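Working notes, beginning with the structure itself.
Just so it is clear, none of the values below were taken in a lab; they were calculated from the coordinates. All figures in this text were calculated on a predicted structure; none of them were measured in a lab. Note: ideal-geometry Cβ built from the backbone for every residue, glycine included; neighbour counts use all protein chains shown.
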Amino acid sequence: MKIIQACKYFILQISLATCVLGSPNVVKMRFSRGKQSVSNNDSFAVPIGNYIPVGIYYVNASIGTPKQAVNLQLDTGSSDVWAFGVHSCDTTTSYCLGGAYNPNRSSTATVISEGGFEISYVTQGSGVKGNWVKDDFSVGNITITGLSLGVATQAAGVPTGIMGIGFSADESNSTLYPNFVDQMVAQGLTKSRSYSLWLDDLDNSTGSVLFGGYDSDKYHNELVAVPMQPNASGIFSQFAVTWTSLSFTDANGNQTTLSGQDFREYAILDSGTTRVLVPDDIYTQIASAAGVQDDGRVDCALSTVAGTFNFGFGGPTGAAISVPVHEFVLPVIFPNGTRMTDQNGNEVCIFGMEAQNNRPLLLGDTMLRAAYVVYNLDEKWIAMAPTNFNSTTSNITEIIPSSSLPAGWSSAPNISVSQTATGSFTSGGSVPATASGSVTSGSSTPVTASTGAIGFTTAI
């Protein structure tokens with residue numbers, strides 16, 4: 001793809017990619033929710049399938065020459081780009097969404113390693129195996145030349161391919177390589193390895209990821225930068241921060257603390273995870289009050305409850321994100337758009353929170369939708385602010401490589417917390433894949449609030 005040097009600001013709209021003067025080296029990718037489809041345009045789509053509730057975000061991409069269209073899940077908790085190969089997906093374990101890529105039909109493809117690509121995921125029996133390939137990777141009119149990517153020859157229990165935008169240290173290959181975010185800088189599309197994520201609310205059909213910049217019209221108050229935390233080996237491999245508080249505020253403004261005074265947890269912000277994983281003791285209290293069944297189902301009427309779950313990061317002066325209760329009530333929708341119902345004809349909803357159960361603490365889409373999040377891989381911080389739901393305007397600022405924060409931001413203290421690796425469910429290069437490979441340590445103090453104090457039951 002030719003890039004006109006006088007204009008390096010790209011906005012990827014639903015059906016048109018445009019170059020706008022005035023904001024160099026910022027790439028905006030806009031996505032939408034809807035029925036999953038394979039199309040050669042530059043929108044994002046959100047498919048829902050096989051008991052997976054709303055909250056999986058897809059980008060329409062293309063690979064190779066000529067371009068082969070694929071839908072890939074946008075995932076901050078992964079670092080590799082991979083796609084289904086032809087006839088690679090086991091349809092008995094997954095809907096196999098998003099199309100397939102055949103490197104044999106691309107004149108720009110080069111096979112790097114046959115059989116060297118492998119990732120395992122948390123669900124038993126789920127994962128992919130295949131080959132490493134280099135080929136051109138495009139999103140809208142943005143093309144990364146010669147990107148290393150995985151091509152599955154076997155895939156089970158995974159709904160679609162992945163567009164990972166995490167640290168290269170978390171790649172599945174034992175030999176690290178420049179991934180998508182690295183190549184955005186190396187090929188002159190952005191100046192920094194940074195991006196901001198705006199998912200908007202559960203009912204909205206649009207959102208965006210902005211590479212190399214942030215949009216001050218998409219959040220309220222100020223952005224607060226929270227230091228990232230390294231893994232157990234001292235390496236920054238995941239988007240982990242210190243989670244320091246959780247509380248519930250009811251419709252009358254009464255607040256119930258759900259975490260102890262010394263609560264400190266290593267928590268990973270992961271757009272590739274639909275729900276939020278919380279410590280078991282906290283989940284038990286919340287699930288009891290909300291009437292969550294053992295299989296995660298919850299009465300859809302819970303979505304009418306007024307109240308918020310309040311997440312704090314980096315201590316009292318750190319970032320604070322309040323998530324409305326209805327964001328945790330997720331309807332289950334099949335790929336054809338129909339709602340799942342039970343044997344009595346009642347619509348089925350899943351609670352957007354689950355117990356940690358010896359897994360990492362993952363803060364997925366049910367929390368991230370309420371936050372505007374800026375990830376800076378160069379300076380190792382994550383900035384957060386309450387999202388501005390349904391914003392229709394933009395005020396984009398480029399992120400310049402610097403050890404100083406942008407004007408108008410504040411920073412949280414570096415409250416360190418450790419990560420303990422379990423070694424279970426790792427990727428091919430023995431690096432933890434999304435939602436796998438490690439658990440947190442810290443001081444999760446038992447909840448002292450009574451279930452009635454949370455206030456769900458009386459509100460439904």
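For this structure, a couple of remarks:
- For SER394, no residue whose modelled amide H falls within less than 5 Å of its own remains once neighbours fewer than 5 places apart on the same chain are excluded.
- For region 333-407, the calculated P(r) over all alpha carbon pairs, in 5 Å bins from 0 to the bin holding the longest distance, is 3, 9, 13, 15, 15, 15, 11, 9, 5, 3, 2, 1 percent.
- An ellipsoid equivalent to region 248-365, defined through the eigenvalues of its Cα gyration tensor, has semi-axes of 26, 17, 13 Å when rounded to whole angstrom and sorted largest first.
- Taking amide H as placed 1.01 Å from N in the peptide plane, GLY272 has its amide H under 5 Å from the amide H of THR76, GLY77, each at least 5 places away in sequence or on another chain.
- Computed from backbone phi with θ = phi - 60° and the Karplus coefficients 6.51, -1.76 and 1.60, the 3J(HN,Hα) list for region 352-357 is x, 8, 8, 6, 4, 6 Hz; x is used for glycine and proline.
- Amide hydrogen neighbours beyond the local backbone of GLY260, cut-off 5 Å, H modeled: THR445
- Exposure proxy ranking, count of Cβ atoms within 10 Å, fewest first, for ASP182, ASP201: ASP201, ASP182
- Peptides 303-311, 324-332 ordered by average Cβ neighbours within 10 Å, highest first: 324-332, 303-311
- Which of ASP75, ASP170, ASP280 has the fewest Cβ neighbours within 10 Å, and the rest in rising order: ASP280, ASP75, ASP170
- Phi angles of region 123-129 translate, via the Karplus equation with coefficients 6.51, -1.76, 1.60 and θ = phi - 60°, into HN-Hα couplings of 4, 4, x, 9, x, 9, 9 Hz per residue; Gly and Pro are given as x.
- Within the shell of other residues whose beta carbon sits under 9 angstrom from the beta carbon of ARG275, the net charge comes to -2, with Lys and Arg scored +1 and Asp and Glu -1.
- Remark on region 178-267: ratio of C-alpha radius of gyration to 2.2 N^0.38 Å is 1.44.
- Exposure proxy order (Cβ contacts within 10 Å, fewest to most) of ASP295, ASP135: ASP295, ASP135
- Rounded to the nearest whole Hz, the Karplus-based 3J(HN,Hα) values (6.51 cos²θ - 1.76 cosθ + 1.60, θ = phi - 60°) of region 385-397 follow the sequence 8, x, 5, 9, 4, 6, 5, 10, 10, 9, 9, 8, 10, with x at glycine and proline.
- Among residues other than GLN238 with Cβ under 14 Å from its Cβ, the summed charge is -4 (Lys and Arg +1, Asp and Glu -1).
- Seen from GLU171, the other residues with C-beta closer than 15 Å to its C-beta sum to a net charge of -3, counting Lys and Arg as +1 and Asp and Glu as -1.
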